[in-house]
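Q: Supplied in structure tokens, the structure appears directly below.
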Amino acid sequence: MIDVEPVGSRAKRKELRSVTFRREREGQWQELDALVERALKKGLGTLSEPELRRLPVLYRAALSSLSVARRTAMDRALVDYLEGLAARAFLAVYGSRKGTRGALRRVLFEEFPRRVRALAPEMALSVFVTALGAVVAAALMKLDVGWYDAFVDPALAGGRDPNADSELLRGALYGEGTEMNGGMLSVFASSLFVHNAGIGMLCFALGFAAGLPTLLLLFTNGLMLGAFLSLYAERGMLFELVGWLLPHGIPEIGAIVICGAAGLHMGRAMIAPGRLTVPQSITAAGRRASFVVLGSVVLFAVAGLVEGLFRQLVTDDLVRYAMAAFNGVWFFAWLLLGGRRRRERGR
Amino acid sequence: MSEALADEPLPKGVLEVTGPEGVPLRFDAATVADRAVAYLLDLFVVGLTGIVLYVFGVFSTVFTGLAEPLALVIAAAWLVWKFYFIGFEVWWQGATPGKRMMGLKVISADGSGLTLEGIVARNLTRDLEVFLPLQVLLAPEQVLGDAPWWLALPTGAWMLAMNALPFVTRERTRAGDLIGGTRVVRLPKSALVRDEAVRHSQPPGAPTADVWTFTAAQLAIYGEHELETLADLLRDAETGKARPEDLRMVAQTIAQKIGFQGAAPHEDPRRFLRSFYEQQRAHLERQLLYGKRKASKLDSP
């Protein structure tokens, strides 16, 4: 259809729609531009209270301008400007959710235990694989003690191998024969924390390879554990070894199992994404697992302190078992009970 | 995505994010080079902090004879190393010092706000992604040990593939971004240029005084693409980038194409073009209200 009326005459009488559109809104855009510039350069914190309230209002107005301009404006420069402005404002408004007070407490005492419980199947598999490693190691060592060297890195064993006499093995449990003087214990503790937490994070990150390396890592960890237990059991020192192992072992082995479960969760998300696409599934699993790893870092820190200080300073078996019981109580209470109350309130 | 911007797929390196308001916005994904430079800057800061901490720790230990300062420093340096990126991305709304210097920002791919869990997840794999592939390339025996070839080969290939992700994905997604559901974008620029349909010497809203009037048939020839080109030319003429001969040539071409009679295109090409631009734009905008869009002169309606 072609207009019969001369168009030019009408254009003469009236201002262009798009010109009016821009004239009416330009002030708002520029106000938003200035706010966003400051928010992005100096941080949202530099905006005053009324400015903070104004920002989302102006942002939504700019979005509506953009939607209109995309459909009706013939001035590409204007549309481009609004695209850029809206995108910048998006970054300022949705950059990140402001951390509320007590976010760390919420993550540690509510989110972390809740998410660990949600990983129950992966936790079960993680525990199973570790236990399987331990049983396999113990069984093989029953056949031939020479297997020990295959499971335990000689550098780590420090002479604690099947050829060592029982006195050396016993001494290792009570801090004899080590060059450690009291002063360096804290350094030992923090090195243990750093080393173990790094392994925990690796356990999770390796989940990105479909969880296979995570399984392998858990299994070898179990092998080492089993070889150790079997070695001491054979000499009739299982009670002493467990007393030595449990106080730090509960948080430490627990944290490795938990990080392993997080890695397995990600592997499962890759192999069996269900109704989601694989990238969507990985994202969902990764976000769920992230707090689990964060909480484990705290567990590793506690384990490092117990392993580096308590284990070296306290040599009484009964006190060690008491400490193990204490650690077991808070560890399981934290994981099993943490974060339940709020959920009930929410219902 | 209720309101997709275009029917054709997005070009590589551009991503579309729809916020809670339902309006899709476009961002340029940060290039691998930008991100690498930002990462190196951050590494420099982390490294420097670590060195300062260690020097402080060693000196304190030597002077006081206590081991505790060194122990604290070991733990602190590790925490800085692991939590530098998480901390800054939370604190600075998705930017670390390196990213800020390079004008980059982390956003949530689904358009909702960037969450703590997304930030944590994207940074947990960071070391694995950067250092393991490097080791695989430079010193494979350290990573793979004496693993048999059937184990070493797929492992090495997997690590290198993970490292190559940002090079091959359309939105330059690294593994951590995939896990955290995040993307890294370049801060968009926005500058408002003047509207060529407004007579800047006159108060806004004043009626425009056209000497030449074009008929509907004459305005039906060109489309949005040509209009846009003309607007750019007029802007260039304003800043002195376009020469008068260019304007004259364009004006004459247009006059010939639309069958315009008169000497105006030759005598005063700039005013002629401006006048044509205004009326062409008014025409196209009015047609758009009827639901008719003419993308270029090749478009039929």
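Q: Given contacts defined as C-alpha pairs under 8 Å and at least six residues apart, what's the relative contact order of chain A, whole-number percent?
A: In percent, rounded to a whole number, it is 22.
Q: I'd like the Karplus ³J(HN,Hα) series for the range A:113-128: coefficients 6.51, -1.76, 1.60, θ = phi - 60°, whole numbers in Hz, and an x wherever there's a Gly or Pro.
A: Per residue, the Karplus-derived 3J(HN,Hα) values read x, 5, 6, 4, 5, 5, 8, 3, x, 5, 4, 4, 5, 4, 5, 4 Hz.
Q: Can you tell me which of A:41-52, B:13-24 comes out highest on packing, and rank the rest after it, using the mean Cβ neighbours within 10 Å?
A: B:13-24, A:41-52
Q: Count, for each residue of B:175-182, the Cβ atoms from other chains sitting within 10 Å of its Cβ, then give me the mean as a whole number.
A: So the per-residue partner count for this stretch is 6.
Q: By how many nm would the segment from B:Asp110 to B:Val14 lengthen if fully extended, with 0.36 nm per residue of separation less the alpha-carbon distance?
A: Additional length available on full extension: 33.1 nm.
Q: Given the DSSP H assignment, sum -39500 (n - 2.57) over each helix run of at least 4 residues in chain A and divide by its residue total; what's the result at 222 nm in deg cm²/dmol, nearest 500?
A: My calculation for chain A gives -25000 deg cm²/dmol from helical runs alone.
Q: Using DSSP to define loop residues, name the trypsin sites (Lys or Arg not before Pro) in the range A:222-309 whose beta-carbon has at most 14 other beta-carbon atoms within 10 Å. Please report the intermediate quantities before stating the final value.
A: Working: sites: A:Arg235, A:Arg268, A:Arg275, A:Arg287, A:Arg288; in loops: A:Arg235, A:Arg275.
Passing sites in the range A:222-309 are A:Arg275.
Q: Against the 2.2 N^0.38 Å scaling, with N counting residues, where does the range B:14-186 land? I'd like the Cα-based Rg ratio to two decimal places.
A: Values: Rg = 19.0 Å, N = 173, 2.2 N^0.38 = 15.6 Å.
The range B:14-186 yields a ratio of 1.22.
Q: Can you give the FRET efficiency to the nearest 0.05 for A:Arg117 and A:Leu143, using r as the Cβ-Cβ distance and R₀ = 60 Å? Please list the in-between numbers first.
A: On the way: r = 39 Å, r/R0 = 0.65.
The value I calculate is 0.95.
Q: When the Kirkwood hydrodynamic radius is evaluated over all pairs of different C-alpha atoms of the range A:17-94, what value in angstrom, to one decimal, is obtained?
A: On the way: mean 1/r = 0.0792 Å⁻¹.
Final number for the Kirkwood radius of the range A:17-94 is 12.6 Å.
Q: Going through the DSSP H helices of chain B, which span 15 Å or more along their own axis at the Cα atoms while scoring at least 0.5 as a mean Kyte-Doolittle hydropathy?
A: Answer set is B:32-64, B:68-91, B:126-138, B:149-168.
Q: Go through A:Lys41/B:Lys294; A:Lys41/B:Lys82; B:Lys12/B:Lys292; B:Lys189/B:Lys294 and tell me which ones have a Cα-Cα distance over 32 Å in this structure.
A: Check vs 32 Å cut-off fails for A:Lys41/B:Lys294.
Q: Another question, then. What aspartates and glutamates could a cross-link reach from B:Lys257, if we take a straight Cα to Cα line under 15 Å and drop same-chain neighbours fewer than 8 places away?
A: By straight Cα distance, B:Lys257 reaches B:Glu226.
Q: Right, next: Roughly speaking, what is the stretch gain from A:Thr20 to A:Val135, that is 0.36 nm per residue apart minus the C-alpha to C-alpha distance, in nm to one decimal?
A: Working: separation 115, 0.36 × 115 = 41.40 nm, distance 7.99 nm.
Gain in length upon complete extension: 33.4 nm.
Q: At what distance in angstrom do the alpha carbon centres of the range B:280-297 and the range B:76-134 lie from each other?
A: Comparing the Cα centres of the range B:280-297 and the range B:76-134, I get a distance of 46 Å.
Q: With a sphere of radius 9 Å drawn around the Cβ of A:Arg22, what net charge do the other residues whose Cβ falls strictly inside it have (Lys, Arg +1; Asp, Glu -1)?
A: It works out to a net charge of -2.
Q: Here's another thing I want to ask about it. Rounded to two decimal places and with Rh computed the Kirkwood way over Cα pairs, what is Rg over Rh for the protein assembly as shown? Please list the in-between numbers first.
A: On the way: Rg = 33.6 Å, Rh = 29.5 Å.
Taking Rg over the Kirkwood Rh, I get 1.14.
Q: Please work out the ratio of the alpha-carbon Rg of the range A:247-347 to 2.2 N^0.38 Å and round it to two decimals.
A: Rg over 2.2 N^0.38 Å, computed on Cα atoms: 1.37.
Q: Give me the Kirkwood hydrodynamic radius of the range B:194-301 in Å, from all C-alpha pairs, to one decimal place?
A: 14.3 Å
Q: To continue, here is another question. Quick one: net charge of B:Arg293's neighbours, Cβ under 10 Å, K/R +1, D/E -1?
A: Working: positive: A:Arg71, B:Lys292, B:Lys294; negative: B:Glu224, B:Asp299.
Counting the neighbours of B:Arg293, the net charge comes to +1.
Q: Among residues other than B:Asp268 whose Cβ falls under 12 Å from its Cβ, what is the net charge (Lys/Arg +1, Asp/Glu -1)?
A: In short, +3.
Q: For A:Ala272 and A:Leu52 in one chain, what is 0.36 nm times their gap in residues minus the Cα-Cα distance, to one decimal in nm?
A: Fully extending the segment from A:Ala272 to A:Leu52 adds 74.8 nm.
Q: Provide a whole-number value for the mean count of partner chain Cβ atoms within 10 Å of the Cβ atoms in peptide A:189-195. The partial results should precede the final answer.
A: Values: counts 4, 11, 5, 1, 5, 7, 1.
That average works out to 5.
Q: Using each residue's phi in the range A:309-323, evaluate 6.51 cos²θ - 1.76 cosθ + 1.60 at θ = phi - 60° and report the 3J(HN,Hα) Karplus result to the nearest Hz, with x for Gly and Pro.
A: For the range A:309-323, the Karplus curve yields 9, 4, 4, 7, 8, 9, 10, 7, 4, 5, 4, 4, 5, 5, 5 Hz.
Q: Ignore the peptide's own chain and count Cβ atoms of other chains within 10 Å of each Cβ in B:89-101; give me the average, rounded. Could the numbers behind the result be given before it?
A: On the way: counts 2, 5, 4, 5, 12, 4, 5, 0, 0, 0, 0, 2, 0.
Per residue, the number of nearby Cβ atoms from other chains is 3 on average.
Q: Using modelled amide H (1.01 Å from N, peptide plane; none on Pro or chain starts), what sits under 5 Å from the amide H of B:Val14, excluding residues fewer than 5 places away?
A: Under 5 Å from the amide H of B:Val14: B:Ala29.
Q: Report the relative contact order of the range A:217-296, percent, no decimals, based on alpha-carbon pairs under 8 angstrom and at least 6 residues apart.
A: 29 percent
Q: Compute the normalised compactness of chain B: alpha-carbon radius of gyration over 2.2 N^0.38 Å, N being the residue count. Provide the component values of the computation, followed by the final result.
A: Working: Rg = 29.6 Å, N = 301, 2.2 N^0.38 = 19.2 Å.
This ratio for chain B stands at 1.54.
Q: Measure off 7 Å from each Cα along the Cα-to-Cβ vector at A:Phe239 and A:Arg76, then give the distance between these two points in nanometres to one decimal.
A: 8.7 nm
Q: For A:Glu37 paired with A:Ala150, estimate the spin-label separation in nm (one decimal), with each label point 7 Å from Cα along the Cα-to-Cβ line.
A: For the pair A:Glu37/A:Ala150, the computed spacing is 7.1 nm.
Values in this text are rule-based calculations from the coordinates and carry no lab data. Given the structure is predicted, the values throughout are model-derived calculations rather than measurements. Note that each Cβ is placed from the backbone with ideal geometry, even for glycine, and that neighbours are counted across all protein chains shown.
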